[in-house]
Amino acid sequence: MSTPEVAAAAETDSEYAHKEIDHGLNPRRIGDVIMDIRNITMRFGGVTAIKDVSFDIREGEIRAIIGPNGAGKSSMLNVINGFYHPQEGEIWFHGQKRANLKPYQIAKQGIARTFQNIALFRGMSTLDNIMTGRLTKMRGPAMTWLNEFVARTRGKVGWADSLSRDADVDAVEQAMDFAFSGDNFDIDLTSLATRLITWGPRVIAGTVDLSVEAIYFGHAERQEIEHREKVEHIIDFLEIQAIRKTPVGRLPYGLQKRVELGRALAAEPKLLLLDEPMAGMNVEEKQDMCRFILDVNDEFGTTIALIEHDMGVVMDIADRVVVLDYGSKIGDGTPDEVRANKAVIDAYLGVSHD
Amino acid sequence: MEFLFGFLTDPFFWEVVVSGLLAGVMYSLVALGFVLIFKASGIFNFAQGVLALFAALTLVGFLGGQLPFSHVINWILGTEWHHWYEPPSDEDGAPLWFVLLSIALTTGVMIGMAWVIVRVVLRPLVNQEGIILFMATIGLAFVLEGIGDLMWGANVKVLDVGLPNGPSDWIIDTTGMFVEKLEISAAVVAIILVTALTLFSQYTKMGRALRAVADDHQAALSVGISLETIWWIVWSVAGIVALVAGIMWGAKSGVQFSLSLIALKALPVLMLGGFTSIPGAIVGGLIIGMGEKLFDFYIGVEYLGGATENWFAYVLALLFLLFRPQGLFGEKIIERV
């Protein structure tokens with residue numbers, strides 16, 4: 001990346017123009033908005049956890065969400081990844097307004113995350129944990145064929161187009177929801193037909209794949225080997241080769257955090273959400289984690305949104321920072337801008353009442 | 001030495017061992033259904049025995065062309081319908097294609113039922129305590145038993161799917177032992193089933209997804225696993241295992257409502273083998289089956305007045321709970337403090 005051509009190209013890029021250059025050699029490229037969060041309001045009973053918050057996340061950047069305790073940071077992350085559905089507001093992902101999807105559907109769209117209080121599969125080994133991250137990438141022969149067919153015929157054959165509608169929405173789930181939506185008795189025949197075309201082949205493909213896996217063993221094995229290679233790469237990257245086979249329940253806290261990061265990376269996410277990746281770590285572990293986050297962003301170009309309490313860390317690694325306080329956005333900008341923001345200083349240091 | 005190993009040459013000893021092992025296989029078939037659901041959803045499914053009963057009843061219904069809910073229908077409409085088709089038959093009972101078709105239809109019913117269970121019972125209870133889910137399955141057991149009764153009637157039914165019956169002449173001739181052919185086929189079926197299930201849950205991506213769901217719901221969702229789809233698959237597989245158990249037990253002792261009680265015998269099997277291990281369910285079943293027969297034959301009849309088979313398994317399970325609570329093959333409980 002240090003060739004003169006690349007540097008010259010970067011020079012002309014308007015986005016790049018106001019970007020800080022890290023080492024002068026390795027310019028990180030920040031692209032268009034991939035996620036636009038618009039006027040989100042999230043209430044739990046009488047408590048409003050998030051009040052009319054809007055911000056965007058650009059491709060390739062490290063976006064930090066900071067704020068005092070109870071500011072609504074984790075709620076925001078849960079909204080982005082679908083654990084919560086906000087009462088008001090919209091989320092636009094890749095230029096499309098996102099419906100109220102379930103968390104696993106959002107994961108399939110390419111949003112991976114880690115949790116504040118580690119959510120690993122404690123009974124499984126490090127390797128198995130990271131392999132689960134590949135699940136969204138594993139497809140049986142029938143589903144692969146169907147997806148290729150859809151891609152090939154898209155825009156050419158009318159009925160094939162409706163196949164690709166809601167391609168990320170889990171077919172069986174849709175069927176279930178539809179069959180049991182008791183409040184809507186007038187069945188619209190066109191929508192019924194569209195739904196049938198959309199989920200019918202997917203259910204069949206899924207069933208075929210399941211049977212193939214159960215009967216013909218070679219397929220499962222081949223798939224396993226292929227994905228294992230990617231996972232081994234991540235294990236090398238995170239320097240956790242030595243604990244490959246250890247059940248994660250036995251690992252120390254810092255390593256568990258690293259395995260969790262590995263599992264999220266295995267999904268090759270378009271957007272990676274990290275909920276306090278450095279909480280409870282000592283200085284050395286924090287340094288390691290910082291390095292990994294920067295490397296992930298650098299090497300894979302992964303967009304990262306993270307929550308962190310350690311101001312020093314945030315100001316060092318984030319490209320832009322959103323500041324929340326009592327559920328409202330009080331600041332948004334580069335670390336320097338945020339640091340100079342009066343409202344932010346007041347929120348963190350308190351305001352004198354005289 | 002003579003006293004200790006004398007029984008090894010005793011043909012009675014071997015007959016007891018073999019019949020015990022084969023009875024154990026029948027227990028294992030039921031225990032297997034428990035393990036599958038427990039592994040994948042952390043739910044102890046009290047309804048597994050009733051599931052086996054329901055599957056057997058449905059199969060008998062299809063084989064006999066019996067009209068489901070005939071009592072209700074006749075009561076409402078004042079008619080006298082009991083059959084909706086005449087089952088085909090040749091000289092040795094139902095033809096093979098018809099038996100296979102009926103089994104396929106019953107499998108379909110079990111899969112459909114799994115979907116309804118996930119939808120109506122499990123989905124509203126996501127993220128609830130294990131004990132609440134357990135109680136829900138107790139309720140489910142009663143509901144299913146009631147529906148089974150209403151659909152097919154409460155009388156004892158004969159289930160004949162053409163499995164070989166009576167003692168095996170070949171084994172009597174060669175070894176002098178008296179072994180039921182039916183129990184041998186049960187053993188063969190169990191071996192096939194266990195091999196397939198073990199491979200499935202250990203080596204396929206679905207197996208890994210199953211283990212992930214059992215471990216942590218939130219984390220499973222965050223890596224893109226749909227809990228409901230997984231549960232549906234698991235309950236379907238458990239339903240199919242219940243069908244196999246129902247066929248075997250039904251062929252052995254008729255399809256009757258006491259069939260749901262065989263689930264109780266699966267409990268000590270699980271305590272021995274471990275709630276989370278498929279091979280454990282098999283080994284546990286074999287140990288219990290063999291243990292209770294041997295104990296009854298050598299000690300029970302002579303010193304304890306017989307009928308020790310009723311309680312031996314539970315005492316053995318109790319001892320296991322004292323010394324190895326996770327069972328022989330169960331996952332060791334790791335707790336960081």
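The values are calculated or read from the model by the stated rules, or taken from the named source; none is laboratory data. Predicted, not measured: the structure shown is a model, and the values here were computed from it. With ideal geometry, Cβ positions are generated from the backbone for all residues, glycine too; neighbour counts draw on all protein chains shown.
Some notes on this structure:
- Of the residues making up region A:230-248, those that are within 13 Å of chain B (Cβ to nearest Cβ) and within 23 Å of A:Ala107 (Cβ to Cβ) are A:Val231, A:Val248.
- Test: residue in region B:108-121 that is within 14 Å of another protein chain (Cβ to nearest Cβ) and in contact with a Gly (Cβ under 6 Å, 6 or more places away or on another chain): yes
- Of the candidates A:Phe292, A:Phe300, the single residue that is of a type in the set (A, V, I, L, M, F, W, C) and modelled with pLDDT under 90 is A:Phe300.
- Region B:59-73, residues that are under 18 Å from B:Met110 (Cβ atoms) and part of a helix (DSSP H, G or I): B:Leu59, B:Val60, B:Gly61, B:Phe62, B:Leu63
- Qualifying residue in region A:92-106 (condition: within 14 Å of chain B (Cβ to nearest Cβ) and either small (Gly, Ala, Ser) or over 16 Å from the mean Cα position of the chain (by Cα) (or both)): no
A quick yes/no check of all residues on (1) in contact with a Lys or Arg (Cβ under 6 Å, 6 or more places away or on another chain); (2) closer than 22 Å to A:Pro103 by Cβ; (3) surrounded by 19 or more Cβ atoms within 10 Å (Cβ to Cβ):
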| residue | (1), (2), (3) |
| --- | --- |
| A:Leu273 | yes, yes, yes |
| A:Glu276 | no, yes, yes |
| A:Met289 | no, no, yes |
| A:Asn297 | no, no, yes |
| A:Leu306 | no, yes, yes |
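- From the list B:Ile184, B:Ile191, B:Ile131, the lone residue that is over 21 Å from the mean Cα position of the chain (by Cα) and either farther than 25 Å from A:Gly206 by Cβ or more than 14 Å from chain A (Cβ to nearest Cβ) (or both) is B:Ile131.
- Subset tally (residues that are at the interface with chain A (Cβ under 7 Å from one of its Cβ atoms), within 14 Å of A:Arg134 (Cα to Cα) and either in contact (Cβ under 8 Å) with a residue 24 or more places away in the chain or not basic (Lys, Arg) (or both)) for region B:207-225: 8
- Considering A:Gly133, A:Gly82, A:Gly140, the condition of being within 14 Å of another protein chain (Cβ to nearest Cβ), at negative phi and modelled with pLDDT of 85 or more is satisfied by A:Gly133 alone.
- Matching residues, region B:226-249, being among the aliphatic types (A, V, I, L, M) and within 11 Å of another protein chain (Cβ to nearest Cβ): B:Leu227, B:Ile230, B:Ile233, B:Val237
- Filter pass, B:Ala94 being free of Cβ contacts under 8 Å to residues at least 24 places away in the same chain and not aromatic (Phe, Trp, Tyr): no
- For region B:120-155, the set of residues classified as charged (D, E, K, R) and in contact (Cβ under 8 Å) with a residue 60 or more places away in the chain consists of B:Arg123, B:Glu145, B:Asp149, listed by residue number.
- Residue match in region A:274-287 (condition: touching a Leu at 6+ places or on another chain (Cβ under 7 Å) and of a type outside the set (Asp, Glu)): yes
- Out of A:Ala242, A:Ala343, sole residue that is out of contact with any helix residue (DSSP H, G or I) (no Cβ under 6 Å at 6 or more places or on another chain), at pLDDT below 90 and among the small types (Gly, Ala, Ser): A:Ala343
- Taking (1) facing chain B (nearest Cβ under 7 Å); (2) buried (at least 21 other Cβ atoms within 10 Å of the Cβ) in turn, A:Gly123 satisfies each apart from (2).
- Qualifying residues in region A:249-265 (those that are in contact (Cβ under 8 Å) with a residue 24 or more places away in the chain and within 11 Å of chain B (Cβ to nearest Cβ)) - the one surrounded by the fewest Cβ atoms within 10 Å (Cβ to Cβ): A:Tyr253
- Any hit, region A:195-209, residues being surrounded by 16 or more Cβ atoms within 10 Å (Cβ to Cβ), touching a residue at least 40 places away in the same chain (Cβ under 8 Å), at the interface with chain B (Cβ under 10 Å from one of its Cβ atoms) and touching a Pro at 6+ places or on another chain (Cβ under 7 Å): yes
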